[in-house]
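The values are calculated or read from the model by the stated rules, or taken from the named source; none is laboratory data. Small disclaimer: the values here were computed from a predicted structure and weren't measured. Cβ atoms come from the backbone with ideal geometry, glycine included; neighbour counts cover every protein chain shown. When the accessible area is computed, the model is the full protein with side chains, heavy atoms only, and any ligands, DNA or RNA have been set aside. Shrake-Rupley method; radii C 1.70, N 1.55, O 1.52, S 1.80 Å.
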Amino acid sequence: MSASVPQPNLPARTRVAVIGGGPAGLLLALILTRAGIECVVLERRSRDYVLSRIRAGVLEQGTTDLLRMAGAGARMDREGLVHDGFDIAWRGDKLHIDLRSLTGGKTVTVYGQTEVTHDLYDALDEAGVPIVHEAENVAPQDVTGDAPFVSFDTAAGSHRLDCDFVAGCDGFHGVCRQTIPADKLETFERVYPFGWLGILVRKPPIQEELIYANHARGFALCSLRSPQLSRYYIQCRADDDIANWPDARFYDELQARLPPAVAGHLQRGESIEKSIAPLRSFVAEPMHYGRMFLAGDAAHIVPPTGAKGLNLAVSDVHYLSTALIAHYNDHDETLLDAYSETALARVWKAERFSWWFTSMIHRFEDDGSFGQRIQEAEFDFLASSTAAQTALAENYVGLPF
Ligand code: APR
Ligand code: PHB
């Protein structure tokens with residue numbers, strides 16, 4: 001696929017103006033296009049920039065099903081890795097969470113978000129959907145009226161895109177949520193007192209399945225992108241700097257937080273990506289304002305512990321695309337009217353799970369030794385209770401849409 005694409009001929013009007021060319025915006029545009037509903041995607045960054053982002057890589061079954069239904073799942077089915085379970089390590093031991101048996105056959109697929117985004121761009125290009133890259137000063141206009149439009153600038157000049165609806169898929173730092181008057185929006189937030197320091201390395205993973213480790217020194221996660229590309233994380237100070245973490249120090253700390261039997265399998269190599277990400281839980285209610293509907297990170301953020309970010313964007317897109325198709329095809333407004341309430345019901349359950357898993361597996365300095373003991377009691381209960389493991393597994397594979 002050509003990374004830098006020429007700016008398409010811009011229509012003056014479309015059905016749905018999609019602001020944001022990440023997973024939420026791209027998948028929404030693809031599903032609507034497949035249903036015969038014209039869209040234009042307006043993305044602030046270049047395609048190269050969007051495709052250079054390193055993000056999580058665990059897809060729920062609902063996500064893989066929707067990507068296949070939208071015609072963007074073929075490479076995922078060829079290259080994605082189906083995982084039946086994962087391990088949780090603490091106090092030098094490991095507990096296997098058998099997703100497939102605990103959930104009656106459900107699994108997750110390990111396939112990087114970057115690859116999902118690639119596949120969505122390829123499918124949209126093939127479908128001829130106009131995607132405007134490096135769109136600047138994008139601004140939803142008159143979204144509370146019957147004739148909304150989006151103004152934006154490109155190198156070719158200033159543009160106006162008239163539409164029926166605006167889909168705000170522009171992420172946490174986007175413009176769409178910011179244009180909703182403060183008295184029309186309620187936000188909920190928890191910022192965690194630590195970050196995730198992650199590296200990507202072209203070495204086989206420490207083991208095939210993921211390992212989430214709770215340790216007195218801090219959390220660690222062993223993940224992967226392919227049998228030859230590993231992704232590791234360790235909990236670090238929220239204000240830490242990657243300059244403090246040469247590869248050798250990172251690997252030493254990672255191994256110190258893993259059970260010795262596992263740590264010995266680590267294959268070190270030069271990192272090809274290294275970054276620190278903050279952790280927060282955030283929800284904005286409602287997820288719509290007039291004819292503008294928010295989806296994905298534009299409306300909510302989860303800590304990456306439960307790998308819910310991309311999957312929540314997909315469930316929002318499922319609800320919003322279904323509602324817009326009912327509007328156009330059946331002149332039925334009930335699903336659009338209920339979109340925010342429907343999407344938020346699943347969002348909050350994923351927020352709860354992500355908060356719970358984060359609280360259980362990270363080191364909270366302020367909680368002291370009592371907090372560490374409570375966490376270890378959580379693990380002991382988890383290890384002794386199939387019901388507790390089933391609850392964890394059902395949330396991890398993804399609750400029903
Ligand atoms: N105008 C146009 N595009 C914008 C604007 C703007 N004002 N602001 C942001 N964008 C673009 C960003 O450049 C980005 O490509 O919107 C896109 C939003 O994509 P994401 O941030 O990836 O959010 P989303 O599509 O909801 O996907 C959520 O992505 O960031 C991860 O962890 C997150 O896994 C989750 C997933
Ligand atoms: C990742 O592979 O980046 C990843 C996997 C599982 C998580 C978070 C991140 O919970």
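Given the conditions (1) assigned to a loop (DSSP other than H, G, I, E, B); (2) farther than 26 Å from M292 by Cα; (3) not charged (D, E, K, R), and given that G171 satisfies all but one, which numbered condition is not satisfied?
(2)
If K106 meets every condition in (1) under 22 Å from T33 (Cβ atoms); (2) open to solvent by 40 Å² or more (accessible area, probe 1.4 Å) apart from one, which number is that one?
Going through the list (1) under 22 Å from T33 (Cβ atoms); (2) open to solvent by 40 Å² or more (accessible area, probe 1.4 Å), K106 breaks only (1).
In the range 197-224, how many residues are open to solvent by less than 40 Å² (accessible area, probe 1.4 Å), in a loop (DSSP other than H, G, I, E, B), away from ligand 2 (no atom under 11 Å from the Cβ) and touching a Lys or Arg at 6+ places or on another chain (Cβ under 8 Å)?
1
Here is a yes/no grid of residues against (1) β-branched (V, I, T); (2) closer than 23 Å to V166 by Cα; (3) modelled with pLDDT of 95 or more:
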site	(1), (2), (3)
A35	no, yes, yes
R45	no, yes, yes
I54	yes, no, no
G57	no, no, no
D65	no, no, yes
G73	no, no, yes
L81	no, no, yes
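What pairs come out if I take residues in the range 364-377 that are under 17 Å from P193 (Cβ atoms) and pair them with residues that are of a type in the set (S, T, N, Q) whose C-beta lies under 7 Å away, six or more apart or interchain?
The qualifying pairs are Q375/N214.
List the number of the failed condition for F401; all other conditions in (1) touching a residue at least 24 places away in the same chain (Cβ under 8 Å); (2) surrounded by fewer than 21 Cβ atoms within 10 Å (Cβ to Cβ); (3) not in a loop (DSSP other than H, G, I, E, B) hold.
Of everything listed in (1) touching a residue at least 24 places away in the same chain (Cβ under 8 Å); (2) surrounded by fewer than 21 Cβ atoms within 10 Å (Cβ to Cβ); (3) not in a loop (DSSP other than H, G, I, E, B), F401 misses just condition (3).
Return the pair list, or none, for Cβ contacts closer than 6 Å from residues in the range 307-323 that are closer than 11 Å to D297 by Cα to residues that are buried (at least 24 other Cβ atoms within 10 Å of the Cβ) and among the acidic types (D, E), at least 6 apart or on different chains.
If the second residue must be buried (at least 24 other Cβ atoms within 10 Å of the Cβ) and among the acidic types (D, E), the pairs left are N311/E60.
May I ask you to verify whether A383 is under 24 Å from G145 (Cβ atoms), assigned to a helix (DSSP H, G or I) and open to solvent by 10 Å² or more (accessible area, probe 1.4 Å)?
Judged against the criteria, A383 is not a match.
Collect the residues in the range 118-142 that are within 19 Å of R75 (Cβ to Cβ), away from ligand 1 (no atom under 15 Å from the Cβ) and among the acidic types (D, E), keeping them in residue-number order.
Within the range 118-142, D122, D125, E126 qualify.
For the range 285-305, state whether one or more residues are β-branched (V, I, T) and farther than 25 Å from D240 by Cα.
No, the range 285-305 contains no residue that is β-branched (V, I, T) and farther than 25 Å from D240 by Cα.
Do the conditions hold for G145, that is, is it modelled with pLDDT under 95 and away from ligand 1 (no atom under 14 Å from the Cβ)?
no
Regarding A295, is this residue open to solvent by 10 Å² or more (accessible area, probe 1.4 Å) and either within 12 Å of ligand 1 (Cβ to nearest atom) or under 15 Å from R177 (Cβ atoms) (or both)?
no
Table: residues versus (1) in contact with a Pro (Cβ under 7 Å, 6 or more places away or on another chain); (2) closer than 30 Å to V16 by Cα; (3) modelled with pLDDT under 95; (4) not β-branched (V, I, T).
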| residue | (1), (2), (3), (4) |
| --- | --- |
| L324 | no, yes, no, yes |
| N329 | no, yes, no, yes |
| D337 | no, yes, no, yes |
| T342 | no, yes, no, no |
| A393 | no, no, no, yes |
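Condition first: touching a strand residue (DSSP E or B) at 6+ places or on another chain (Cβ under 7 Å) and of a type in the set (S, T, N, Q). Now tell me which residues in the range 325-362 satisfy that.
Across the range 325-362, the qualifying residues are S340, S354, T358.
Can you tell me which of Y121, Y192 is among the aromatic types (F, W, Y), out of contact with any Phe, Trp or Tyr (no Cβ under 8 Å at 6 or more places or on another chain) and closer than 27 Å to L67 by Cβ?
Y121
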